[in-house]
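Colleague: Attaching a single structure in structure tokens format; questions to follow.
Laboratory data are not the source of any read-out in this text; all were calculated from the coordinates shown. Bear in mind the structure is a predicted one, so any value in this text is a computation, not a measurement. Counting neighbours? That spans all protein chains shown, and the Cβs are built from the backbone with ideal geometry, glycine included.
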Amino acid sequence: MHAALVPRLDRELQDAHGLPLTWYDVLLELNSAPERRLTMGQLGSVAAVSRTRVSRVVDELIRAGLVTREPNPDDGRSAFAALTPAGRAALRKAAPTYVAAVHREFDDHLTEHETEMLAGALRKVLAASAQRQ
């Protein structure tokens, strides 16, 4: 399912907004974070991009003016990725496209009961994963 649907979501976001899905996801996570910033380690834990790629994606977002890198005053070895106003605007502009695509690719094919069953199963998987960490 991942191999079939993720490339379509990625292509749609890129065609409509020039945002790869990885960028959208990082912007979404930063927007949801306290103070709209996360360390690279935190971002690697929550974004749908591998921990090894998160710094490269953040560098791309910095070059695009959507994110800045801020020093972490509590830990000189780490830095924050912080959402810029342009990054927030890009996220807001792309959000309707993303939400519509998710509805079209997922929600439109499931009954309410199937959605509840799937959500319950995924919550179990997520809880088991959190216990192993």
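Colleague: Report D for segment 10-66 in µm² per second (integer): Stokes-Einstein, Kirkwood Rh on Cα pairs, 4 °C, 1.567 mPa s.
Modeller: 114 µm²/s
Colleague: Suppose the chain between Ser45 and Thr68 were pulled fully straight at 0.36 nm per residue; how much longer would it get relative to their current alpha carbon spacing?
Modeller: Working it through step by step, the gained length comes to 6.4 nm.
Colleague: What shape does segment 58-133 have by the C-alpha gyration tensor, where a ≥ b ≥ c are the square roots of the eigenvalues, rounded means a/c under 1.5, and otherwise prolate means a/b greater than b/c and oblate the rest? Working shown, then result.
Modeller: Numbers: a/c = 4.45, a/b = 1.49, b/c = 2.98.
Oblate.
Colleague: Connecting C-alpha atoms closer than 10 Å in a GNM of the chain, tell me which of Thr111, Thr22, Thr39 has the biggest fluctuation.
Modeller: Thr111
Colleague: Here's something else I'd like to know. Can you give the net charge of the other residues whose Cβ lies under 12 Å from the Cβ of Glu114, counting K and R as +1 and D and E as -1?
Modeller: Numbers: positive: none; negative: Asp107, Asp108, Glu112, Glu116.
Counting the neighbours of Glu114, the net charge comes to -4.
Colleague: Here's a follow-up. For segment 35-44, in order, what is each residue's ³J(HN,Hα) by Karplus, 6.51 cos²θ - 1.76 cosθ + 1.60 with θ = phi - 60°, in whole Hz (x at glycine and Pro)?
Modeller: Taking θ as phi minus 60°, the curve returns 6, 6, 8, 8, 6, 4, x, 5, 5, x Hz for segment 35-44.
Colleague: May I pose another question? Provide Met1, Met117, Met40 in ascending order of the number of other Cβ atoms located within 10 Å of each residue's Cβ, fewest first.
Modeller: Met1, Met117, Met40
Colleague: Would you mind computing, in nm to one decimal, how far apart the modelled labels at Asp59 and Ala119 are, each placed 7 Å from Cα along Cα→Cβ?
Modeller: For Asp59 paired with Ala119, the spin-label model returns 4.0 nm.
Colleague: Let me ask you something else. Roughly what percent of Cα-Cα pairs across the chain reach past 18 Å?
Modeller: Value for the chain: 61 percent of Cα pairs lie more than 18 Å apart.
Colleague: Top mean-square fluctuation among Gly76, Gly41, Gly65, Gaussian network model of the chain, C-alpha springs under 10 Å?
Modeller: Gly76
Colleague: Another question, then. Provide the FRET efficiency to the nearest 0.05 for the Arg104-Ser129 pair, computing r from the beta carbons and using R0 = 30 Å.
Modeller: Efficiency, rounded to the nearest 0.05: 0.60.
Colleague: Counting Lys and Arg as +1 and Asp and Glu as -1, each charge on the Cβ, what is the dipole of the chain about the Cα centre in debye, to the nearest 20? Can you show the working numbers first?
Modeller: Working: 17 positive and 17 negative charges, 91 e Å.
For this selection, approximately 440 debye.
Colleague: Once the other residues with Cβ under 15 Å from the Cβ of Asp10 are scored (Lys, Arg +1; Asp, Glu -1), what is the net sum? Kindly include the intermediate steps, with their values, before the conclusion.
Modeller: Numbers: positive: Arg8, Arg11, Arg53, Arg104; negative: Glu12, Asp15, Asp25, Glu60, Glu105.
After counting each charged neighbour, the total is -1.
Colleague: Moving to a separate point now. Among Asp75, Asp108, Asp25, determine the one that fluctuates most according to a GNM of the chain built with springs between C-alpha atoms less than 10 Å apart.
Modeller: Evaluated over the chain, the most mobile residue of the options is Asp75.
Colleague: Moving on to the next point. Enter the angle in degrees (range 0 to 90, nearest 10) between the Cα long axis of helix 2-17 and the first principal axis of the Cα atoms of the chain, meaning the one along which they spread out most.
Modeller: So the helix axis and the longest Cα principal axis differ by about 60 degrees.
Colleague: Suppose a student asked you for the relative contact order of segment 1-120, using Cα pairs under 8 Å spaced at least 6 residues apart; what percent would you report?
Modeller: 26 percent
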